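See structure below.
The values are calculated or read from the model by the stated rules, or taken from the named source; none is laboratory data. All figures in this text were calculated on a predicted structure; none of them were measured in a lab. Counting neighbours? That spans all protein chains shown, and the Cβs are built from the backbone with ideal geometry, glycine included.
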2 protein chains.
Amino acid sequence: MGNLYRFVEPVVLLLLKKKGCSYGYELAGDLEAHALTDAAIERAALYRTLRQLEANGNVVSEWDVQGGGPARRVYSLTRAGEQHLEEWATVLEQISRAMARFVKDVRSLPAGKNSGARKAAAREAPRQSS
Amino acid sequence: MGNLYRFVEPVVLLLLKKKGCSYGYELAGDLEAHALTDAAIERAALYRTLRQLEANGNVVSEWDVQGGGPARRVYSLTRAGEQHLEEWATVLEQISRAMARFVKDVRSLPAGKNSGARKAAAREAPRQSS
DNA sequence: GGTGACTAGATGGAGGTTGCAGCTATTTCG
DNA sequence: CGAAATAGCTGCAACCTCCATCTAGTCACC
């Protein structure tokens, strides 16, 4: 199913809201736990998503040169970002419901062989009635 | 959010199972009603999805030259296709649950301003102390 | 018998996304 | 020193998406 790049964004927003602020490398770890799909998340996708979120004004970043190790680019949500997260929640809620309906629909059908229609035989009463 | 090309496939499979068999132009109409997202579905995506499903052995097609109007390429599910649909149901069920969890998670957080962490202020005790 | 509307399938190509592989740099540990 | 871990970032081929457009058959109408 691939990486479903689009769902990296909302999860990152949620994590940032929960944690207050964070940086790419750390988020990469947390992402596994919160991912909407079981697909592994690409590092590249994560970094690119963060940059894009910043370009769109949903997060801001600044360098943290303090602790040991290389510098970190620390991100935090803006107000626009919080709102964006809410919007994601609304959208995902709808999709979630639609998917649940879909699953129920599939399950409600006779399993196994295709009951209603024999193969592509169908062409029994074609409408050349005109 | 775009067309979410990936979700055209399961919906087409479901429709074919329900109807026994059908063709592109007709499916295009039904798709609106069953779509998982509110995005309109591209004709191009539909036709290409059908071809791809056939290439993967999930459906078979034959020409219907009978009725009025141009010939139709009529598709129907194979047994592999039925199984593929089941698999889709399993996957989508998981994603649906994960999304619902996500939404609940978002909603459970304090709305409005970011409580836990003030802006990007964080850097309160910067280490120019060195 | 010409014209437009409708049905039906399909493709072309610009532009965007993704996944992989790799790069740099800093610090810590043995 | 050299290796490993941390941290961020980029290049690029392959792939996907979206829009526009094309072909062609039939029908209704004048």
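Results for (1) touching a residue at least 40 places away in the same chain (Cβ under 8 Å); (2) within 11 Å of chain B (Cβ to nearest Cβ); (3) part of a helix (DSSP H, G or I); (4) near DNA strand C (Cβ under 10 Å from one of its atoms), shown as yes or no for each residue.
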site: A:ILE41; (1), (2), (3), (4): no, no, no, yes
site: A:ARG48; (1), (2), (3), (4): no, no, yes, yes
site: A:ARG51; (1), (2), (3), (4): no, no, yes, no
site: A:GLU62; (1), (2), (3), (4): no, yes, no, no
site: A:GLN66; (1), (2), (3), (4): no, yes, no, yes
site: A:ARG73; (1), (2), (3), (4): yes, no, no, no
site: A:SER76; (1), (2), (3), (4): yes, yes, no, no
site: A:GLU82; (1), (2), (3), (4): yes, yes, yes, no
site: A:GLU87; (1), (2), (3), (4): no, yes, yes, no
In region A:28-38, which residue that is farther than 17 Å from B:ASP105 by Cα and either away from DNA strand C (no atom under 13 Å from the Cβ) or surrounded by fewer than 13 Cβ atoms within 10 Å (Cβ to Cβ) (or both) is modelled with the lowest pLDDT?
A:ASP38
It is to be established whether one or more residues within region B:47-56 are within 16 Å of DNA strand D (Cβ to nearest atom), at pLDDT 90 or above, under 26 Å from B:SER22 (Cα atoms) and β-branched (Val, Ile, Thr).
yes
